[in-house]
Amino acid sequence: MKNLWKRTACGLLAALMLLGAGCSGQPAASPAPAETTPVPSETAEQAKTTTFVDDLGRELDLELPITRACVANRYNNELIRAVGAGDCVVGVDIYTSQDSVYWPQFGEDETFGKDEYDYEKIVSLDPQVLIVPKNGKVEESIEALEPFGIQVVVITGWDNSDVPKQIRLCGTLFGKEEQAEELVDFYQGPVDYINQQLQQVTERKTVYWEYGGDYTTCIPGTSNDGWHNMILMAGGENIFGDASLAGKDIDPEQILLADPDLIVKIYAGEVVGNSGVFTAPPQEEFAAKAEEMLKREGWSDLTAVKEGNFYLNTAFMSGGLGKMIGAAYMAKWLYPDLMTELDPDAIFTQWMAYQGFTPNASHYYHVPAQDAAA
C-alpha cells in the first residue's frame, strides 16, 4: 500500500505522456483504399455506436471514444486529465479556466460561461458532447444543444458517494478504461486504510467545517453534501450534520455549544466560487484569515482552538479526487495515533503528478495552539 501511494511523480508523468495520445480530435491520415468490398455506411455507423449510461442512469447512443468534449466543473476536468484524456477537452467553464497556471490551454476563447452557459460558444467549439455534473444545467443544456446534435453527458467528479463510478465513466467515454482502473486503485488504497483504522474508533470526534464565507458550512442533502460526506469518510461527526438545517443560516452559538474537536476552514483567496486554484495563498495570508476568525466571540475558549486542532486549507487540495485528498488530511488531523501509515502530503503529491504538476506551496495552514501561543 505504501508503495502504491509513494510511486514517483516521474514515472506517472512519463506514463501520462503516453496515455494522452490520440485525443486531439484531429483526423489521422487516411490510408490508401484497400481492394475489398466497401462496408455500407449504415453498418459502419452501427459498429461505432455504443449505449453509454451516465451518472444519472440516462442511456445515450454515442460514438466512442469521444475525442472532442466541452466540460463543466473543474472536478470533471481533473478526472478526465487523470485518465489521460485531457487533450480531448476543447471547452470549459470559468471554474476551470480561471486557473491559467493549472489549465494553460484554456483561455477566453475556450470558456463557455460561469453559472450561465453560452450555448453559442459551445456550438462553435464543435464538441461531440457537453459533460456536466448532476447538479449542473442538465435539462436546459439538453434542450439547447439537441438541435445541433451535441449530446449532454452527466459525470459528477465532485461526488464522493461513488468516486470509482465517476472515474470509470470517464474511462469508458474516452476509451481510457485501463488508465481509469489504475486511478481507481490509487483512490481506493487510502480509503481502505482509513476505513480499516476507523474500526478501532468507538466514539467519533466532532468537526466544524466552514466554507469560504463566514459561518457557511456543509449540510446533508445540499449542494455542499460532498463536503459533509468527506467529514464522514474521515471518521468525523459533522456538528451541522442534520439535514433539516438545509436552507437555514447556521447559529454561530451552536459552534460554541458543540465545542468541536476539529475546526477546518476552506480558504482560497480571491477566486471564483471558493473552488481554489493550483497556486495556494501564502502562509501569511492563511495566518491573517485565522487571526480574523480567532477574534470571533467565544472562539478563544474552543477546545480545538486551545489544543491546536484548527486548520485552514484550500478547496483545491481538499476537493482533490472526489474529496479523498481532503478526507485523508482530515483523518490524519482527527486520529494521528491511528493513521500512522497515512501520508496525506504524499497522496496529494501523487495526485498532482496525475495532473502533470508538482505542488509548489502548501495548501493548508495549521493554526498554533492558542494556549501555547499566549
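Some notes on this structure:
- Within the stretch 317-339, the set of residues being of a type outside the set (S, T, N, Q), under 30 Å from C170 (Cβ atoms), touching a residue at least 60 places away in the same chain (Cβ under 8 Å) and touching a Gly at 6+ places or on another chain (Cβ under 8 Å) comprises G319, G320, G322, K323, G326, M330, A331.
- Checklist (1) surrounded by 15 or more Cβ atoms within 10 Å (Cβ to Cβ); (2) part of a loop (DSSP other than H, G, I, E, B); (3) in contact (Cβ under 8 Å) with a residue 60 or more places away in the chain; (4) more than 20 Å from the chain's Cα centre (by Cα) applied to F357, failing item: (4)
- Qualifying residue in the stretch 288-302 (condition: in contact with a Phe, Trp or Tyr (Cβ under 6 Å, 6 or more places away or on another chain), more than 24 Å from N73 (Cβ to Cβ) and either assigned by TED's automatic domain parsing to the domain that holds P252 or in a helix (DSSP H, G or I) (or both)): yes
- Checking the stretch 209-216 against the condition returns a match, with at least one residue being surrounded by 18 or more Cβ atoms within 10 Å (Cβ to Cβ) and either touching a helix residue (DSSP H, G or I) at 6+ places or on another chain (Cβ under 6 Å) or assigned by TED's automatic domain parsing to the domain that holds M330 (or both).
- Exactly one residue out of G356, G298, G308, G326 is under 21 Å from W103 (Cα atoms) and of a type outside the set (S, T, Y): that is G356.
- For the stretch 119-137, a residue qualifies if it is within 24 Å of the chain's Cα centre (by Cα) and crowded, with 18+ Cβ neighbours inside 10 Å, and the qualifying residues are I122, P127, Q128, V129, L130, I131, V132, P133, G136, K137.
- I142 vs. criteria of a type in the set (A, V, I, L, M, F, W, C), farther than 15 Å from C88 by Cα and either in contact (Cβ under 8 Å) with a residue 60 or more places away in the chain or part of a loop (DSSP other than H, G, I, E, B) (or both): no
- Per the conditions (1) crowded, with 17+ Cβ neighbours inside 10 Å; (2) out of contact with any helix residue (DSSP H, G or I) (no Cβ under 9 Å at 6 or more places or on another chain), the sole criterion not satisfied by I266 is (2).
- Which numbered condition K6 fails, given (1) surrounded by 12 or more Cβ atoms within 10 Å (Cβ to Cβ); (2) under 30 Å from K134 (Cβ atoms); (3) modelled with pLDDT under 95: (2)
- In the stretch 224-246, of all residues being in a loop (DSSP other than H, G, I, E, B) and on the phi < 0 side of the Ramachandran plot, the one that is surrounded by the fewest Cβ atoms within 10 Å (Cβ to Cβ) corresponds to D242.
- Of all residues in the stretch 123-167, those satisfying the criterion of being of a type in the set (D, E) and modelled with pLDDT under 95 are D159, D162.
- When the test is whether a residue is buried (at least 16 other Cβ atoms within 10 Å of the Cβ) and of a type outside the set (K, R), G157 passes it.
- When residues in the stretch 303-323 are screened for being more than 15 Å from the chain's Cα centre (by Cα) and either surrounded by fewer than 23 Cβ atoms within 10 Å (Cβ to Cβ) or assigned to a helix (DSSP H, G or I) (or both), 8 of them pass.
- Identity of the residue in the stretch 163-208, touching a helix residue (DSSP H, G or I) at 6+ places or on another chain (Cβ under 7 Å), assigned to a helix (DSSP H, G or I) and among the β-branched types (V, I, T), that ends up nearest to D54 (Cα to Cα): I167
- For the stretch 143-152, the criterion of being among the hydrophobic types (A, V, I, L, M, F, W, C) and exposed (fewer than 15 other Cβ atoms within 10 Å of the Cβ) is met by at least one residue.
- Meets criteria (farther than 26 Å from S223 by Cα and free of Cβ contacts under 8 Å to residues at least 60 places away in the same chain) for G113: no
- Scan of the stretch 255-281 for residues that are at pLDDT 90 or above and in a loop (DSSP other than H, G, I, E, B), ordered by number: D259, P260, D261, Y267, F278, T279, A280, P281
- Residue within the stretch 324-341 that is at pLDDT below 95, buried (at least 16 other Cβ atoms within 10 Å of the Cβ) and in a helix (DSSP H, G or I) present: no
- One residue stands out among those in the stretch 37-94 that are crowded, with 19+ Cβ neighbours inside 10 Å and at positive phi: the one that is modelled with the lowest pLDDT, which is N73.
The values are calculated or read from the model by the stated rules, or taken from the named source; none is laboratory data. Quick caveat, the model's predicted, so the values are computed rather than measured. Glycine also receives a Cβ, built like all others from the backbone with ideal geometry; neighbour counts cover every protein chain displayed.
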